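The values are calculated or read from the model by the stated rules, or taken from the named source; none is laboratory data. Values in this document were obtained by computation on a predicted structure and should not be read as measured data.
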Amino acid sequence: MISKSFVKGFNLPALVGATVGLLMPVLPAVALSPTSNVAETSNSAATEELLIAQGGCPRATTIEAFTTDTYYAYICEDGNGDYFYYGVNRSTGESVNVYGVTFTDSGYYMATTYDDYGNEYTYMVGASLEVYENGEQIWYESTY
């Protein structure tokens, strides 16, 4: 049995806080466990970073993954079996989804979309990431 004089020398809330603080380094490992669904149900920016770090396609299957100095580029398959391109800027986290992916004879995945003004944007990813606006190349970067 612990005597009152022994306990009296400790600040109980501080002792509990210190004990919990020592356990804190374990919590990030628990949050990243494969069975955790925290990233799938939260809408925070940290969640987006966690999804990116986990391999790409949020709520879809990653078919192929590419990295450039500026972007992560993924070919994804949704639950209906439809393929889409998912590109994420590595610095800002801004992303784009483009459905209707096809595979070209040159070994590239290609997806095309249109903006509100009728401009056509084509994303091609394979040995490089290329973006075309109305047929003119506006981005090129090698993948690795």
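Quick notes on this one:
- The combined condition, being modelled with pLDDT under 50 and outside any helix (DSSP H, G or I), is fulfilled by THR35.
- Filtered residues of segment 128-144 (kept if in a strand (DSSP E or B), under 14 Å from ILE75 (Cα atoms) and of a type in the set (S, T, N, Q)): SER128
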